[in-house]
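Here's the structure, in structure tokens; my notes come after.
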Amino acid sequence: MKKSNRIVLKELLSIIICLTIIQLLFIGIKQGVFCFYPETLYSRSMVMMFTMIVCLVIMIIYCRWRKCSYNFFPKVFGYLYIIITIIAVIFYVVTLFWVKTFSFENSLIFFYGSIVTPVFEELLFRGIIWTKVNECINKEWKTYLVVTVLFALWHIGYAVGIYLWSGGNLFICIVMKVIFGAGFGLIMGAIRCKTKNCYLGILVHGILNIFG
């Protein structure tokens, strides 16, 4: 096996191990908390939101410490980005206050699904992991495919969490979540390829999460 191939496989293996640890951490924290506290949609969302925020802080500190580039914002925040941002904010506000039944709990669930999760997942996959994979492969279309596959497999952890909460058929749940993740990953990856940053992908991811 060529040295370059070994480096790529080693990097991918380390990424897969890290993603697995994060998902196991998510599942473990939820299972631990709900041994003492009733598990509802709201409580699940709040536990996941808190955990993701902590992970976000750790990722940002790690990137600053290792001087990793994750291309969060565009190099030039032009008029197009400003217009898209305004449209997204208006969409969020309209959805929260007029489409959904507004309440404190619903607003926090909405914030978790449309803000926290997109920022966390885009920074992790289309930011940190994308940069690391691209440095090894050096061909962005291959990076796009690899990160899409990793993002799809990431959703296995969500499927297991749903199964532990509500039961059902674990295999079907995993298949559906992986297919959903692959489709999502293709869209987000295409945006990342086009814009070379995570910002627009976060906005689109948040809007799609409202419908999903």
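The structure shown yields percent of Cα pairs over 30 Å apart, and of the options [x] 13; [y] 48; [z] 24 that calculated value carries the label [z]. When the chain is treated as a Gaussian network with alpha carbon springs shorter than 10 Å, the biggest mean-square fluctuation among F125, F102, F151 belongs to F102.
How far apart, in nm, are two points set 7 Å out from the Cα along the Cα-to-Cβ line at E135 and at L41? Going by the 7 Å Cα→Cβ label model, 4.1 nm.
For the chain, averaging the sequence separation of C-alpha pairs within contact (under 8 Å, six or more residues apart) and dividing by the residue count gives a relative contact order of 30 percent.
Taking the protein heavy atoms of segment 1-113 in the context of the full set of protein chains, the accessible area attributed to carbon and sulfur is 74 percent at 1.4 Å. Calculate log10 I(q)/I(0) of segment 38-98 for q = 0.21, 0.22 Å⁻¹, where I(q) comes from the Debye formula with a single equal point scatterer on each Cα and nothing for solvent. Per q value, in the given order, log10 I(q)/I(0) is -0.97, -0.97. Maximal additional length on extending the V33-W98 stretch stands at 20.1 nm, based on 0.36 nm per residue less the C-alpha distance. Please build a GNM for the chain, connecting alpha carbons under 10 Å apart, and tell me which residue among V89, V149, V76 fluctuates the most. Maximum among the listed residues: V76.
Counting Lys and Arg as +1 and Asp and Glu as -1 over every other residue whose Cβ lies under 13 Å from the Cβ of V47, the net charge comes to +1. Stretching F111 away from V57 to a fully extended chain increases their span by 17.7 nm, per 0.36 nm per residue minus the current alpha-carbon distance.
Based on alpha carbons, the Rg and Dmax found for segment 98-201 are 15.6, 47 Å.
Largest mean-square fluctuation among G168, G183, G201, in a Gaussian network model of the chain whose springs join Cα atoms under 10 Å apart, belongs to G168. Solvent exposure of segment 67-212 amounts to 53 Å² per residue of accessible area, where only protein heavy atoms count and the probe is 1.4 Å. Pairs exceeding a 32 Å alpha-carbon distance, out of K30/K142; K30/K132; K132/K177; K10/K177; K10/K194; K67/K194: K30/K142.
For the chain, the membrane-span-like helices by this rule, meaning whole DSSP H stretches whose C-alpha atoms cover at least 15 Å of axis and whose Kyte-Doolittle mean is -1.0 or above, are 3-33, 41-66, 79-94, 140-166, 170-195, 199-211; this says nothing about an actual membrane.
Estimated at 0.36 nm per residue, the fully extended path between I7 and F50 surpasses their Cα-Cα distance by 12.0 nm.
The values are calculated or read from the model by the stated rules, or taken from the named source; none is laboratory data. The model shown is predicted, which means the values in this text are computed figures rather than measured ones. For neighbour counting, all protein chains shown are included, and Cβ atoms are generated from backbone atoms with ideal geometry for every residue, glycine included. SASA here: full protein model, heavy atoms, side chains in, ligands and nucleic acids out. Shrake-Rupley method; radii C 1.70, N 1.55, O 1.52, S 1.80 Å.
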